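The values are calculated or read from the model by the stated rules, or taken from the named source; none is laboratory data. Computed from a prediction, not measured in an experiment: that's the story for all the values here. When we count neighbours, we look across all protein chains shown, and the Cβ atoms used for this are built from the backbone with ideal geometry, even at glycine.
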Amino acid sequence: MFTKLRQIISPYKLLLPLCFGVFIAADDQTVVVTLLPDMLADLRVGVSELDRASWSITGYLIGYTAAMPLMGRISDRTGYRRAFLLAMAVFTLGSALVAVSPDIPRWLYGGPPEYNWLIGTRVFQAIGGGAVIPISIAAAGELVDGKHRAIAYGLIGASAEAGGVFGPLWGGGITTWMSWEWAFWLNIPFTVIAAIWILRNPPGKRNAVKIDLPSATVFAALLSLLTIGLVRVGEPDALMAISLGASVVLFILLAVLNNRSQDPLFPKRLFQLPSFNYSNLTHFLVGAVLIIGMVTVPLMAASVFGKSPLEGGLQLLRMTIAIGIGAVAGGYVTQRYGARIPSIVGLLITTAGFLLLASWTIDIAEPALTIHLAITGLGLGLLVSPIAETALWGVQTDQRGAASSLLSVSRMVGMTAGLAVMTALGTVQFQDLVADVPAFSLDPDVQKQILDSATHAGVTVFTRFFLYGAIISAAALIPAWLMTRSRPTE
């Protein structure tokens, strides 16, 4: 029995330190969800500044995404092991800086705690965290042979989802027994373990490619301005117009720089592969769908169902555990039957799951709640491996890091855009729904009316979000079908 188990595990054992690093980085994407109330209190950010508060999450997503293409090319140049160690070093330093961010103003100029220092250090931390996933996907293509590669991608995807699952629970536990800073201090021993562990792996192939820093800088600025513009979609103003206009200019500049570079940040040959282009479009749409579920479920738990942050994290757990299970299952199905079946079936299940979530009312109860979330998560999980498999089909060895980073960027840009638009539209829709409700009253009957109206508005807005998720998921069926017309064969 143990001999057979070792034979099953053997092709993937070199992935273990990479999966551990992915888990740590993904954990920090979501840990802040349950840390945020304590962080805002310590940094003197009021409830009325929740739009500003969201930048502790949005800033991490921007840094996380902006680092991916650059670190993907560094991985191609130096080998995955060196790139992984660099990413862990940046992430470790960033974690320490986030932990001490309330004290930085006092150390530098004797000032009080400032929220902007937290945002800045979170962006720096995210540069290391964002590098880990594309490095690991590229390494899987190098370390694992073709017939086992689909499951390898599924394992990396499952590690990322497991980290996302653990984050809110970890944050809730930390704030129960310790201060929020410990969530970041405790990253350090784990990153040291990951760094020591990866040293047992071969160093990886080194390729003679140059690093296109100008394009990387323009890409980071483009992503930041695009996010600022999208956040203001609900209430258009001059800042939105300037940000989106500048984004268009930077996109054109990025295309020119990329076209002129001998070793472009985004290799031109990749965009000549139809399966790569359709995989990225599918991943972009899946990213938007994923963030709708990841954000709306705990928000609805807290504001409509009256749950604590930890309870909201446990509710989200029903979906994210299913994502991890679906990721491994999707890898197996892709290995046996190709990418088309898990891609199409996964999107159909995801669409059905979001339609079920859109039917929720204030009276939703078990077991329906768990079943609906599990169905949604299973569908999302099934998509991880086939998208990675088709995206990397036909990609040259010296461009695997760039290809995997672009694939990760597509999902993260989808998540960032989805979060920005959802926040903007949700705020406007909620305000419209409660516009005729009194802001305050001492009359018990009016107080009940205010509470009932706010609850009804919350249910309406959140179920609309779920409906948007179903529509986007259904739309993703088109590029997913085109993505799998030429099934990868090894």
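Name the pairs: first residue in the range 133-156 and touching a residue at least 12 places away in the same chain (Cβ under 8 Å), second residue surrounded by fewer than 24 Cβ atoms within 10 Å (Cβ to Cβ) and acidic (Asp, Glu), Cβ to Cβ under 6 Å, at least 6 apart or on different chains? Final answer for the pair search is Gly146/Glu490. Residues considered: Arg464, Arg411. Of these, the only one that is at pLDDT 80 or above, among the basic types (Lys, Arg) and over 25 Å from Trp360 (Cα atoms) is Arg411. Taken over the range 339-366, the residue count meeting the criterion of being at pLDDT 90 or above and of a type outside the set (Phe, Trp, Tyr) is 18. Tallying residues that are crowded, with 18+ Cβ neighbours inside 10 Å, within 21 Å of the chain's Cα centre (by Cα) and without any contact (Cβ under 8 Å) to a residue 40 or more places away in the chain within the range 177-226 yields 2.
Within the range 306-320, is even one residue at pLDDT 85 or above and within 30 Å of Ile137 (Cα to Cα)? Checking the range 306-320: at least one residue is at pLDDT 85 or above and within 30 Å of Ile137 (Cα to Cα).
One line per residue, one yes/no per condition, for (1) under 19 Å from the mean Cα position of the chain (by Cα); (2) touching a residue at least 60 places away in the same chain (Cβ under 8 Å):
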residue	(1), (2)
Gly326	yes, no
Thr334	no, yes
Ala368	no, no
Ser405	yes, yes
Gly414	yes, yes
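Exactly one residue out of Asp76, Asp28, Asp51 is at pLDDT below 75 and either in the same structural domain as Gly173 (by TED's automatic domain parsing) or not hydroxyl-bearing (Ser, Thr, Tyr) (or both): that is Asp51.
Select from the range 128-150 the residues that are β-branched (Val, Ile, Thr) and crowded, with 24+ Cβ neighbours inside 10 Å and write down the one among them that is farthest from Tyr60 (Cα to Cα). Step by step, filter the range 128-150, then rank; the result is Ile137. Filtered by the rule that a residue be in contact with a Ser or Thr (Cβ under 7 Å, 6 or more places away or on another chain) and not in a helix (DSSP H, G or I), the range 297-337 gives a lone residue, Val304.
Taking Gly313, is it small (Gly, Ala, Ser), assigned by TED's automatic domain parsing to the domain that holds Ser405, touching a helix residue (DSSP H, G or I) at 6+ places or on another chain (Cβ under 7 Å) and farther than 25 Å from Gln396 by Cα? Before you say what the answer is, go through the steps one by one.
Values: small (Gly, Ala, Ser): yes; assigned by TED's automatic domain parsing to the domain that holds Ser405: yes; touching a helix residue (DSSP H, G or I) at 6+ places or on another chain (Cβ under 7 Å): yes; farther than 25 Å from Gln396 by Cα: yes.
When the stated conditions are applied, Gly313 passes them.
Only one of the numbered conditions (1) within 22 Å of Met412 (Cβ to Cβ); (2) among the hydrophobic types (A, V, I, L, M, F, W, C); (3) in the same structural domain as Thr416 (by TED's automatic domain parsing); (4) modelled with pLDDT under 80 is violated by Ala183, and that is (4). Considered as a group, the residues in the range 367-392 that are of a type in the set (S, T, N, Q) and surrounded by 23 or more Cβ atoms within 10 Å (Cβ to Cβ) include one that is nearest to Ala152 (Cα to Cα), and that residue is Ser385.
The condition of being over 23 Å from the mean Cα position of the chain (by Cα) and without any contact (Cβ under 8 Å) to a residue 40 or more places away in the chain holds for Ala255.
State yes or no: is Gly157 surrounded by fewer than 23 Cβ atoms within 10 Å (Cβ to Cβ), in a helix (DSSP H, G or I) and not hydrophobic (A, V, I, L, M, F, W, C)? Considered against the rule, which asks whether it is surrounded by fewer than 23 Cβ atoms within 10 Å (Cβ to Cβ), in a helix (DSSP H, G or I) and not hydrophobic (A, V, I, L, M, F, W, C), Gly157 comes out as no.
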